[in-house]
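**Student:** Right, I'll just put the structure down here and ask away after.
The values are calculated or read from the model by the stated rules, or taken from the named source; none is laboratory data. Predicted model, so just to flag it, every value in this text is computed and none were measured. Neighbour counts are summed over all protein chains in view; Cβ atoms, including those assigned to glycine, are modelled from backbone coordinates with ideal geometry.
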């Protein structure tokens, strides 16, 4: 693929997202705050995933958990490329963590998942943070 072809397939990060995607993204953050406020830090990731899924569904959003995402490698589609913790409304990727500190590898994971999935936006949410605003990072593809 030439540089011109690559440039034409890359979305500009500074290009605004559709309002519908921004609404879903806002709902994800709001729901995460509600879950963190109710439960606080200290539980396992699976507990937060279940509660966040419930909270988002309660708000009328479509949520898929532990989504198997295929990848194309060397021209071959591999069915079990990776598992996204959550995909909301087929437009927002959510990767959950319960760690003392978010590491660069966690951020790289979300960016790679976005690139491979084709989804426009993703969140890395660390429920172990004492204040959730310190534990949420937003990424664009």
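**Student:** Which of the residues spanning segment 40-49 are assigned to a helix (DSSP H, G or I) and either exposed (fewer than 14 other Cβ atoms within 10 Å of the Cβ) or in contact (Cβ under 8 Å) with a residue 24 or more places away in the chain (or both)?
**Tutor:** 45, 46, 48, 49 - these are the residues of segment 40-49 that are assigned to a helix (DSSP H, G or I) and either exposed (fewer than 14 other Cβ atoms within 10 Å of the Cβ) or in contact (Cβ under 8 Å) with a residue 24 or more places away in the chain (or both).
**Student:** Something else: Which residue, of 63, 92, 87, is crowded, with 21+ Cβ neighbours inside 10 Å, out of contact with any helix residue (DSSP H, G or I) (no Cβ under 7 Å at 6 or more places or on another chain) and touching a residue at least 24 places away in the same chain (Cβ under 8 Å)?
**Tutor:** Step by step, each of 63, 92, 87 is checked, and only 87 is crowded, with 21+ Cβ neighbours inside 10 Å, out of contact with any helix residue (DSSP H, G or I) (no Cβ under 7 Å at 6 or more places or on another chain) and touching a residue at least 24 places away in the same chain (Cβ under 8 Å).
**Student:** Looking at (1) in contact (Cβ under 8 Å) with a residue 24 or more places away in the chain; (2) surrounded by fewer than 19 Cβ atoms within 10 Å (Cβ to Cβ); (3) in contact with a helix residue (DSSP H, G or I) (Cβ under 9 Å, 6 or more places away or on another chain), which is the one condition that is false for residue 54?
**Tutor:** Only one criterion in (1) in contact (Cβ under 8 Å) with a residue 24 or more places away in the chain; (2) surrounded by fewer than 19 Cβ atoms within 10 Å (Cβ to Cβ); (3) in contact with a helix residue (DSSP H, G or I) (Cβ under 9 Å, 6 or more places away or on another chain) is unmet by residue 54, namely (1).
**Student:** Please verify whether segment 99-109 includes one or more residues that are at pLDDT 95 or above and touching a helix residue (DSSP H, G or I) at 6+ places or on another chain (Cβ under 8 Å).
**Tutor:** For segment 99-109, residues at pLDDT 95 or above and touching a helix residue (DSSP H, G or I) at 6+ places or on another chain (Cβ under 8 Å): present.
**Student:** Restricting the first residue to segment 97-108 and requiring it to be closer than 13 Å to residue 136 by Cα, which pairs with a second residue that is modelled with pLDDT of 95 or more and in a loop (DSSP other than H, G, I, E, B) meet a Cβ separation below 6 Å and a spacing of at least six or different chains?
**Tutor:** Pairs found: 98/127; 98/128; 99/128.
**Student:** Give the residues of segment 114-137 that are more than 12 Å from the chain's Cα centre (by Cα), surrounded by 15 or more Cβ atoms within 10 Å (Cβ to Cβ) and modelled with pLDDT of 95 or more, sorted by residue number.
**Tutor:** Listed by number, the residues that qualify are 127, 128, 129, 132, 135.
**Student:** Here's something else I'd like to know. Which is in a helix (DSSP H, G or I) and within 13 Å of residue 126 (Cα to Cα), of 94, 21, 105, 29?
**Tutor:** The unique qualifying residue is 29.
**Student:** Just one of the numbered conditions (1) surrounded by fewer than 19 Cβ atoms within 10 Å (Cβ to Cβ); (2) touching a strand residue (DSSP E or B) at 6+ places or on another chain (Cβ under 8 Å); (3) over 26 Å from residue 14 (Cβ atoms) is not true of residue 107; which one?
**Tutor:** Answer for residue 107: the failing condition is (3).
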